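Below is one structure, written out as structure tokens, with a few remarks after it.
The values are calculated or read from the model by the stated rules, or taken from the named source; none is laboratory data. For clarity, every value in this text was computed on a predicted model and none was experimentally measured. Every residue, glycine among them, receives a Cβ derived from its backbone with ideal geometry; neighbour counts consider all protein chains shown.
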Amino acid sequence: MLRHARTLGVHVALDSFGAEGSTLADLRRVRLDQLWLDRGLVSGLGAGSDDTVIVQHLVDMARQLNLVTVATDVDNATQLAILRTLNCDRAQGPFVGVALTKDEIDLLVARDVPADEPELSASPAHSSATVAGLPRLRAFGQS
């Protein structure tokens, strides 16, 4: 089913990677385009936890697999700045709104926006589904 969808220009992302139920084996089972990092990892950034090291390794691994990394549920400027230094490709969440590119993150971080000021309110168009026992997959069209 996913192979057919890909021929139509649909891209596939694994959502909530790093949460319960997602494994490294999932990355081998399906050809993916994006890896969406779980909010549990993102929330620990800058909090003195090991999450920064884990996110760094996930971003590096995804890059080697030619996957775009997207950090979900970014709540504040500290998390966003750390994600940028880790070379995470995109970020989304209450602080930034829709998924942003690296250049857009640079602009936002450079503005020194207070943590309680949301930037965007639109949400990305996508669909989520469970496919072949994998955690939630996101399908999205080319842009």
Please specify each residue of the stretch 10-38 satisfying the condition of being under 16 Å from Val68 (Cβ atoms) and among the aliphatic types (A, V, I, L, M).
Val10, Val12, Ala13, Leu14, Leu27, Val30, Leu32, Leu35, Leu37
Restricting attention to the stretch 83-132, and to residues there that are small (Gly, Ala, Ser) and part of a loop (DSSP other than H, G, I, E, B), which single residue is modelled with the lowest pLDDT?
Ser121
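Specify the residue that is modelled with the highest pLDDT; the eligible residues are those in the stretch 24-47 that are farther than 22 Å from Gln92 by Cα and part of a loop (DSSP other than H, G, I, E, B).
Going through the stretch 24-47, the residues farther than 22 Å from Gln92 by Cα turn out to be 24-26, 28-31.
Now drop any that are not part of a loop (DSSP other than H, G, I, E, B), which leaves 30-31.
Numbers: Val30: 82, Arg31: 85.
If we take residues in the stretch 24-47 being farther than 22 Å from Gln92 by Cα and part of a loop (DSSP other than H, G, I, E, B), then Arg31 is modelled with the highest pLDDT.
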Residues of the stretch 51-71 being outside any helix (DSSP H, G or I) and surrounded by fewer than 20 Cβ atoms within 10 Å (Cβ to Cβ), in sequence order, are Leu65, Asn66, Val68
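Every residue in the stretch 72-82 that is under 17 Å from Ala13 (Cβ atoms) and either part of a helix (DSSP H, G or I) or of a type in the set (D, E, K, R) (or both), please. Walk me through how you get there before you give the answer.
Here is the first cut: in the stretch 72-82, the residues under 17 Å from Ala13 (Cβ atoms) are 72-74.
Scanning the stretch 72-82 gives a single hit, Asp73.
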